[in-house]
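A quick write-up on the structure given underneath.
The values are calculated or read from the model by the stated rules, or taken from the named source; none is laboratory data. Quick caveat: nothing in here was measured; it's all calculated off a predicted structure. Cβ sites come from the backbone with ideal geometry, for glycine too, and all protein chains shown count toward neighbours.
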C-alpha cells in the first residue's frame, strides 16, 4: 500500500511518500519546497501573494503525487494556516485552485499526532517532554508511563521567532537576549510546565534534527543524545559562526539559532540534561490516525 501526504508548514511544504507493508511504515520519497508561508502573513492574515505561492508549490507536489499512483493521498496544514484570522477563506481559495481537499489540524491534533508517532517508533523514558518546533508554532507534551498528561501549542516557531526579533540573518547578542526573555515568558505562563522537572526531552521536526547536524559540524558529542552543555553551545553561536552554520544546515541559516534558543530555554526551565532528535514527524502520526486506523480495525 502506497501513501502520500503533503504537509503544509510555516517554513516548508513537503510531499512524503510511504509504503505500508506488514504493519511497517517505510519512507520511500521526500520532496521539499521552501514555502516560508509565515513570511506572507500581514496583520495575522495570509496575503493574496502568499496564497499564490502556496498554490504554486502545491500544484507541483500534487502532480508528482499523481504520478506515483498512490492508494491514499492527503494534504494537511498546521500553524501556517491555523493561526491566521482568514484561515477558512485561505483554505477555500487554495482548494479551489489545486482541486483537492485539505485539512487544517488543530493545535491539539498536531501535538498528539507527533507524540503518537514517537510512541509507536521510539523507546521513551519513564517521563519526559516531547517537542515539535515548526516554522510557526511549537507543540509541547509532558508524558509519563507512555501517556500524554499535558499538552500545549505555543504560537511561536523558529521562523516566526526569527522574523519577529532578527534584523539581519543571525541574531546579535542583544537580539538573542530579547528572544530568550520572550520565549521564557511564554514557558513560564504555563503552570504545569513550571511545576515539572524532567531529565529528557525528545524533539521531532527539522529544527530538532538540525541540532544533531550542527553538533556533528562542531564535533561536540559522538552519540545521538545531546547533553545540555552541547545544546547551550549551539544556542549561543553568533555571527562569527555563520560559515559553520551555512556548511551544516544551509536551508536553516535563518532558523537554526532561534530554534536552538527555544530548546535551550526549555531545558533550563525543566532542568533537563538530555535532548534527542527523533526521526519521526507529525506526518507519520497523521497517517496512523487518519488513514491506517481504518485499515487496522
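Counting only residues that are more than 28 Å from residue 288 (Cα to Cα) and surrounded by fewer than 13 Cβ atoms within 10 Å (Cβ to Cβ), the range 71-88 holds 1 of them.
Sort through 204, 291 and tell me the only one that's buried (at least 24 other Cβ atoms within 10 Å of the Cβ), at pLDDT below 95 and in contact with a strand residue (DSSP E or B) (Cβ under 6 Å, 6 or more places away or on another chain). Break it down stepwise before answering.
Numbers: 291 fails: buried (at least 24 other Cβ atoms within 10 Å of the Cβ).
None of the others qualify; the one that does is 204.
What pairs come out if I take residues in the range 85-97 that are free of Cβ contacts under 8 Å to residues at least 60 places away in the same chain and assigned by TED's automatic domain parsing to the domain that holds residue 37 and pair them with residues that are in a loop (DSSP other than H, G, I, E, B) and exposed (fewer than 13 other Cβ atoms within 10 Å of the Cβ) whose C-beta lies under 9 Å away, six or more apart or interchain? Pairs that qualify, where the first residue is free of Cβ contacts under 8 Å to residues at least 60 places away in the same chain and assigned by TED's automatic domain parsing to the domain that holds residue 37 and the partner is in a loop (DSSP other than H, G, I, E, B) and exposed (fewer than 13 other Cβ atoms within 10 Å of the Cβ), are 85/43; 85/44; 86/44; 95/101. With respect to residue 220, determine if the residue is out of contact with any strand residue (DSSP E or B) (no Cβ under 6 Å at 6 or more places or on another chain), part of a helix (DSSP H, G or I) and over 21 Å from residue 129 (Cβ atoms). Considered against the rule, which asks whether it is out of contact with any strand residue (DSSP E or B) (no Cβ under 6 Å at 6 or more places or on another chain), part of a helix (DSSP H, G or I) and over 21 Å from residue 129 (Cβ atoms), residue 220 comes out as no.
If you check 18, 68 for being crowded, with 20+ Cβ neighbours inside 10 Å and farther than 21 Å from residue 161 by Cα, only one passes: 18.
Return yes when residue 234 is at pLDDT 95 or above, over 21 Å from residue 124 (Cα atoms) and under 20 Å from the mean Cα position of the chain (by Cα) and no when it is not. So residue 234 passes the test.
Got a number for residues in the range 265-282 being in a helix (DSSP H, G or I) and either assigned by TED's automatic domain parsing to the domain that holds residue 179 or farther than 26 Å from residue 223 by Cα (or both)?
Residues of the range 265-282 in a helix (DSSP H, G or I): 265-270, 282.
Now narrow it down to the ones that are either assigned by TED's automatic domain parsing to the domain that holds residue 179 or farther than 26 Å from residue 223 by Cα (or both): 265-270.
Adding up the residues that qualify gives 6.
If you check 132, 116 for being touching a helix residue (DSSP H, G or I) at 6+ places or on another chain (Cβ under 6 Å), in contact (Cβ under 8 Å) with a residue 40 or more places away in the chain and in a strand (DSSP E or B), only one passes: 132.
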